[in-house]
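S.K.: This is the structure, below, for whatever I ask next.
The values are calculated or read from the model by the stated rules, or taken from the named source; none is laboratory data. Computed from a predicted structure; not experimentally measured. Cβ atoms come from the backbone with ideal geometry, glycine included; neighbour counts cover every protein chain shown.
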Amino acid sequence: MRIIKATLEHLELLTPMFVKYREFYGQLPYPDSSRSFLEKRLKRDESVIYLALPDDDDGKLLGFCQLYPSYSSLSLKRVWILNDIYVAEDSRRMLVADHLMREAKKMAKDTNAVRMRVSTSSDNEVAHKTYESIGFREDTEFKSYILPINQD
């Protein structure tokens, strides 16, 4: 398996899996809007997306992860938010997520980040175990809140 950093050239390969990721979390597919969203992130360097590809280069995507940069005012350093990670159903149990997260962790180290953050559904036990196996720890110091902003 190869892990590569996505570029605009990978949009056609990435978009269908990104749509499936969104559907997994109960969102409507919106393939055109999904493609546009990814294109903007890549064009503007607003995220880093890693792709997991098979060694035989058969044009199949095994999985992806997308990270967004942030900063910690307290530590005066960069923080990476592992916002999206998804593995194709037929590629699960092949350590695809582990490989993607290890590449993300390497990138975080290379950019002198103080930490990576990740959130997932509280009932997603598989994700919890995977994150913990990479070295993520549950945050017991801070409690997270969200403020939904309605778009009228």
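A quick yes/no check of all residues on (1) assigned to a helix (DSSP H, G or I); (2) more than 21 Å from Thr7 (Cβ to Cβ):
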{"site": "Asp58", "(1), (2)": "no, no"}
{"site": "Gln66", "(1), (2)": "no, no"}
{"site": "Ser70", "(1), (2)": "no, yes"}
{"site": "Asp84", "(1), (2)": "no, no"}
{"site": "Ala97", "(1), (2)": "yes, yes"}
{"site": "Ser121", "(1), (2)": "no, yes"}
{"site": "Tyr131", "(1), (2)": "yes, yes"}
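S.K.: Something else about it: What are the pairs, 6+ residues apart or on separate chains, where a residue within the range 111-133 that is among the basic types (Lys, Arg) has its Cβ under 6 Å from a residue that is surrounded by 11 or more Cβ atoms within 10 Å (Cβ to Cβ)?
M.R.: Arg115/Val79; Arg117/Ile81
S.K.: Next question. Say whether the condition of being over 20 Å from Gly135 (Cα atoms), out of contact with any Leu (no Cβ under 7 Å at 6 or more places or on another chain) and not acidic (Asp, Glu) is met by at least one residue in the range 81-91.
M.R.: The answer is no, given that none of the residues of the range 81-91 is over 20 Å from Gly135 (Cα atoms), out of contact with any Leu (no Cβ under 7 Å at 6 or more places or on another chain) and not acidic (Asp, Glu).
S.K.: Looking at Glu103, is it among the acidic types (Asp, Glu) and within 15 Å of Met1 (Cα to Cα)?
M.R.: So Glu103 passes the test.
S.K.: In the range 8-42, how many are at pLDDT 95 or above, in contact with a helix residue (DSSP H, G or I) (Cβ under 7 Å, 6 or more places away or on another chain) and over 24 Å from Met94 (Cα atoms)?
M.R.: Residues in the range 8-42 being at pLDDT 95 or above, in contact with a helix residue (DSSP H, G or I) (Cβ under 7 Å, 6 or more places away or on another chain) and over 24 Å from Met94 (Cα atoms): 7 in total.
S.K.: Something else: Which residues, taken from the range 11-31, are of a type outside the set (A, V, I, L, M), assigned to a helix (DSSP H, G or I) and either over 21 Å from Asp98 (Cα atoms) or touching a Phe, Trp or Tyr at 6+ places or on another chain (Cβ under 6 Å) (or both)?
M.R.: Residues satisfying the conditions are Glu12, Thr15, Pro16, Tyr21, Glu23, Pro31.
S.K.: Give me the residue from the range 87-114 that is at pLDDT 90 or above and at positive phi and, out of that set, surrounded by the most Cβ atoms within 10 Å (Cβ to Cβ).
M.R.: Leu95
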